[in-house]
Amino acid sequence: MQKLDSDKTYINSWNPFSRAFLIWENLKNKNLLVFDSKEELLKFSKIWEYLYKKSSNIIENQGEILWFLCEIEGVFLTTKELFSLNWFGRYQMEKNIIELKRWEKYDFDGLVKRLIDFTWKYSAHLSQAWTYNKEGDIINLSTIFNEKMAKISFFWDEVDEILIMDKNDVHNMNKLDSILIPNIDLTLIEGNKSVLDNMDEIMSNKANPFVTFVIWVDFWESKEHFNKLFHSTAFTNLPDSNAIDIWIEIPSITSVQELLALLKDDWMEKIIYTKNKRTLMNFIEYNDIDSGIGIIEIPEKMRFLESFKIWNKMHICDDILSDIFIRKRSRKSVAKSFDLLLEIRPGDYIVHIDHWIWIFKQIILKDLSGVKREYIEIEYRENDKLFVPISELHRVSKYIWDEGPKLSRLNSTEWQKIIKSTE
């Protein structure tokens, strides 16, 4: 898998899903993802939280910057507009943050009082963010990420140990040398400089327990300044002679044949994201395709996912599947046409409302006068052949009787006689 390096800029001619996937593969500790617009931010957030089951937090004001600085790990999203806001001075910043360091003196009861002043709520089970409880000489904190908690142990009036752990797995923990606790009910006196102008002071005044790894998702004029502060990874849509192209491909698959060839490619790893999981599983089964393909069912709200390929891994979404199976068909015929394609195999008997019973041979792509269309090739008695457009499959059904049928010639009147006798 492609690994992103800090202080590097990458070509960003990809869709939001490929961004989320690549960033997921490269995350470390705490991450600030900066977007060019709120629309892009929200789209990314939906993808991230649904597919990776990881929460993200949107930073929109100065107080939330403090929360970001105080958090140990996680994914934070913002837009470039945040950095044009006015920032408050160092005194205000120190007044609204509790900094605890291991082996340093701090009064236990005094810490509890400050948590109450900072509007942290007491909770026996830490079921919500910004809550705390006490166990003897230990204070437990639930941070903005509800699945994580901090455990601060005291020995007399000294901080003895600081742990960050998973609520669902207390054995999954990290020891820290320091921790920052923000004021939740933050009232700030804004200064004359912007957040961007004060970033040197913001980052140096309160060092984070872990190095912040910033991924810059969209290009803008202050990227170079941020690279110096964060050693960030940048993505750009603009011409940049120093940018690195990761070669993420946006696939073009326009026919059932091309889709089948891709799914049967053993060299290519494939994952399908679709609203119709059962339908795709039937399609794979009826076409004798290796069941090792991953299929993830997505809700309607994720319909905007777009397919992409990186290295030997193909992510196939409904943008391709819908285009193949539904393109150029009436809404009324879509379901039946799709179901038939999933049910028939070469050699199966098929009944056409106008042409009696025939044998399905294959799906074929034909170019007629420069227009490419998909057809099913059918065979009658004495090797008569007919090519039926896939768009007309609503006039076709699968032969379901147990005994083998009698085939007729293509232009025979037998079928019309049978139809007339039933009227």
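The values are calculated or read from the model by the stated rules, or taken from the named source; none is laboratory data. Here the structure is a predicted model, which means the values were calculated and not measured. Positions of Cβ are backbone-derived with ideal geometry, glycine not excepted, and every protein chain shown enters the neighbour counts.
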- Given (1) within 23 Å of residue 74 (Cβ to Cβ); (2) modelled with pLDDT under 70; (3) within 25 Å of the chain's Cα centre (by Cα), index of the condition residue 226 fails: (3)
- Task: Read through the list (1) surrounded by fewer than 16 Cβ atoms within 10 Å (Cβ to Cβ); (2) modelled with pLDDT under 80; (3) assigned to a helix (DSSP H, G or I), then give the number of the only condition that residue 3 fails.
- Result: (3)
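Working only within region 229-248, note down all residues that are surrounded by fewer than 16 Cβ atoms within 10 Å (Cβ to Cβ) and either among the aromatic types (Phe, Trp, Tyr) or modelled with pLDDT of 85 or more (or both).
Taking region 229-248 first, the residues surrounded by fewer than 16 Cβ atoms within 10 Å (Cβ to Cβ) are 229, 231, 237-242, 244-245, 247.
Within region 229-248, 247 is the sole residue that qualifies.
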- Task: Might you let me know whether region 369-384 holds any residue that is of a type in the set (Lys, Arg), loosely packed, with under 14 Cβ neighbours inside 10 Å and without any contact (Cβ under 8 Å) to a residue 24 or more places away in the chain?
- Result: no
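Here is a yes/no grid of residues against (1) touching a helix residue (DSSP H, G or I) at 6+ places or on another chain (Cβ under 7 Å); (2) surrounded by 15 or more Cβ atoms within 10 Å (Cβ to Cβ); (3) of a type in the set (Lys, Arg):
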site	(1), (2), (3)
81	no, no, no
93	yes, yes, no
108	no, yes, no
111	no, yes, no
115	no, yes, no
129	no, yes, no
- Message: So, restricting to strands (runs of 3 or more DSSP E) that lie completely within region 29-117, which ones have at least 1 residues that are over 19 Å from residue 141 (Cα atoms)?
- Response: 30-35, 56-58, 74-79, 86-88
- Query: Is at least one residue of region 275-289 in contact (Cβ under 8 Å) with a residue 12 or more places away in the chain, closer than 29 Å to residue 373 by Cα and assigned to a strand (DSSP E or B)?
  - Reply: no
- In region 8-31, anything buried (at least 18 other Cβ atoms within 10 Å of the Cβ), over 19 Å from residue 317 (Cα atoms) and of a type in the set (D, E, K, R) is listed as 30
- Task: Would you point out which residue out of 121, 113, 134, 101 is in contact (Cβ under 8 Å) with a residue 24 or more places away in the chain, outside the structural domain of residue 301 (by TED's automatic domain parsing) and of a type outside the set (Asp, Glu)?
- Result: 101
- If a residue has to be under 15 Å from residue 235 (Cβ atoms), surrounded by fewer than 19 Cβ atoms within 10 Å (Cβ to Cβ) and out of contact with any helix residue (DSSP H, G or I) (no Cβ under 8 Å at 6 or more places or on another chain) to count, how many in region 32-52 make the cut? 1
